[in-house]
Structure formats: structure tokens, C-alpha cells
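All remarks here apply to the structure that follows.
The values are calculated or read from the model by the stated rules, or taken from the named source; none is laboratory data. Note that the structure is predicted; figures quoted are calculated from it, not measured. No Cβ is skipped: glycine too gets one built from the backbone with ideal geometry, and neighbour counts run over all protein chains shown. With ligands, DNA and RNA removed, areas are computed over all heavy atoms of the protein, side chains included. Shrake-Rupley method; radii C 1.70, N 1.55, O 1.52, S 1.80 Å.
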Amino acid sequence: MDWLNAVQTYIAVVESSSFVQAAQQLNITTSACSKRISWLESQLHCQLLLRTTRRVRTTEQGQQFYLQSCDWLSQFNNMRQQLGPSSLGLTGSLSIGAPAVSGSLFVTPLIASFLPKHPHLNIELLEVEPGEIPDLSLDIVVTRQLDNFDSASYRMLHLFNYAVKCFASPTFLASCGPIQSAKQLQALPLLLVQGQIKAGGVKLNEGTVLNQACRFVTHDPMAAIQAAVHHMGVVLVSEDLVQQHLLDGKLIEVLPGLLSEQRSVCAYYPAQRFENPNISAFLQHLREQSQAASNNLQ
């Protein structure tokens, strides 16, 4: 028995919560899959998995070993890539996570400008919930800055800052009368997305906190914008998301100049002993493009 196959099998079992599914993924028998896990447990002198008729789950030690195994396997694959032929440049794959809107508007254009330079690299873009702890199975996660994250497991690269503004349709504003202060917004239906609600609302730069939601709630900022276009309330989003609606007259900025407190967008990636060339190259691309965008705004 070898450690590499045993660890790969263990990761597959944990991620699928099933010996049968893991065996199918690895093209081995369920019996062979079980033997590899038993061998690992005997080598480590501890129980890694709790097996029941319905599911498989990790013990506390098993969960810790899973996280370390993912890191070790990633480091091993990186080392193998680095020691392999370099004439092709970057090879293999890169997995990137981002919230739906950020993935569409920010990350996808970056991937489009990055891939032509590396014809032997494949990139998979996956949707993640904004503000959630990154998944160690992803190479890079681009999301808003996390208030608490495990700096022993992750590294962080600051990309840029952003703020949201208040927008509503002319019809909605006509129905509620003149709005002259941020305090008045607290009495209106706000089209907050779930991430804003979980964060306790949106704090404006003059101190007011907007945290009341209307009867319509969504996790998708684009759906919240459409709700504002259809006169359902005030939406709080970045101005770049509503540019066309502003030009078309479907939305109007409420209290021009009123902003939320600034938040940061960051890239998170697993802390590894060995540098992953694919991750390093894309992070450098993120740095360059973020700096260029920042310069354009000045």
C-alpha cells in the first residue's frame, strides 16, 4: 500500500461521503477502497471515519487529517508540475471561486485575458456564497474581505475597495415623496440581498445603518436591481451594476453622494509550502489588472 493512493482515496471518500461513490470515481472496487482507509487508520493509529448504514462522516481527527491531506496532495501535485517539462509553460488546471455577480463582471474578463497567454492551462470558475470562508479545494477565491479567516490555512491578496449607493425607480420615488436624509430611508422598503442582511445591514458613511428588508429578499444582486426597476423599493448596490438603468432613466440615485462604508475585495488562496505556479501566475494577473483599474479611477 502507498500513501499517495491511500490519501487520494480518503479525500474521495470524505468529499463524497460514500465508499461506493469514491470507489466509482477512482475506478476501484468498494472493497479496495475500504482496505485503503483501514490501512491509513492502522498507520495513523486512530479512527478517521465513522461508518453507518446511511452515511460516512469524519471523526475530529479525521477532519484534521482531511484538511492536511488536501494541502499535502496539492503540494505534491505542484512539485510534480514544477519538476516536469516546462517547455509548455503553465499546464494542468486552476479552480477559481467567486460570487455570481463578481464572477460574471470581474473574474470572467480576467480569465478571458489570461487564458490566451497560457494555451495548455484549463480554468474552472465556480460560484461561492459571498462572505463565506473559502473552500480549501479551490485554488483561488475572489470575494469581499472576510472579517475572520484562518490565516494559518489561507493567504490574502487585497484587490480593490468598493462602496454601494442607493437607487430606486422614478415611480417608486414619486410614491414616497421627497427623500432629504438617510434617516428617511429607514422607513422605506429596502431591497437588501441576503449577504447584506447577514452582515447586519449596510452602514452608510454618515453613520446611518440600513437593515430593514422588504417582503422580497434574494441572494442575487441582479434580481434585487430588477426589483428596484419594478418599483419594489430601494436597492443598495455598486453604481457600475446599474449604469445602463441610470442611462435609460429606469433608476435614479437616491441622495447623490451618499455612500456606504468602503469594503474590500480580496483573493484568498491556500497557504502552501510549495508555490503553485498556476496560482502565482493568476494572482500576478489579478494584481496587475486591479492596479490598472484603480489607476483608471483616479
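Data table
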read-out	value
Criterion violated by L26 - all others in (1) surrounded by 14 or more Cβ atoms within 10 Å (Cβ to Cβ); (2) touching a residue at least 60 places away in the same chain (Cβ under 8 Å) satisfied	(2)
Residue in segment 151-174 that is open to solvent by 80 Å² or more (accessible area, probe 1.4 Å), over 28 Å from G92 (Cα atoms) and at pLDDT below 85 present	no
Helices (runs of 4 or more DSSP H) wholly inside segment 1-118 containing at least 2 residues that are hydroxyl-bearing (S, T, Y) and within 22 Å of the chain's Cα centre (by Cα)	60-83, 108-114
Whichever residue in segment 178-227 is of a type in the set (D, E, K, R) and within 21 Å of A98 (Cβ to Cβ) and, among such residues, is modelled with the lowest pLDDT	K198
Qualifying positions in segment 233-257 - open to solvent by 20 Å² or more (accessible area, probe 1.4 Å), assigned to a loop (DSSP other than H, G, I, E, B), touching a helix residue (DSSP H, G or I) at 6+ places or on another chain (Cβ under 9 Å) and within 20 Å of Q184 (Cα to Cα)	L255
Flag if Q291 is open to solvent by 60 Å² or more (accessible area, probe 1.4 Å), at pLDDT 90 or above and within 27 Å of R155 (Cα to Cα)	no
Tabulated pairs, segment 210-232, first at positive phi and in a loop (DSSP other than H, G, I, E, B), second surrounded by fewer than 19 Cβ atoms within 10 Å (Cβ to Cβ) and modelled with pLDDT of 90 or more, C-beta under 7 angstrom, 6+ apart or interchain	H231/T171
Condition check for S137: among the small types (G, A, S) and at pLDDT below 90	yes
Residue ID - least open to solvent (accessible area, probe 1.4 Å), chosen from residues in segment 258-273 that are more than 25 Å from P178 (Cβ to Cβ) and not in a strand (DSSP E or B)	A271
Test: residue in segment 188-204 that is touching a residue at least 60 places away in the same chain (Cβ under 8 Å), exposed (fewer than 14 other Cβ atoms within 10 Å of the Cβ) and not acidic (D, E)	no
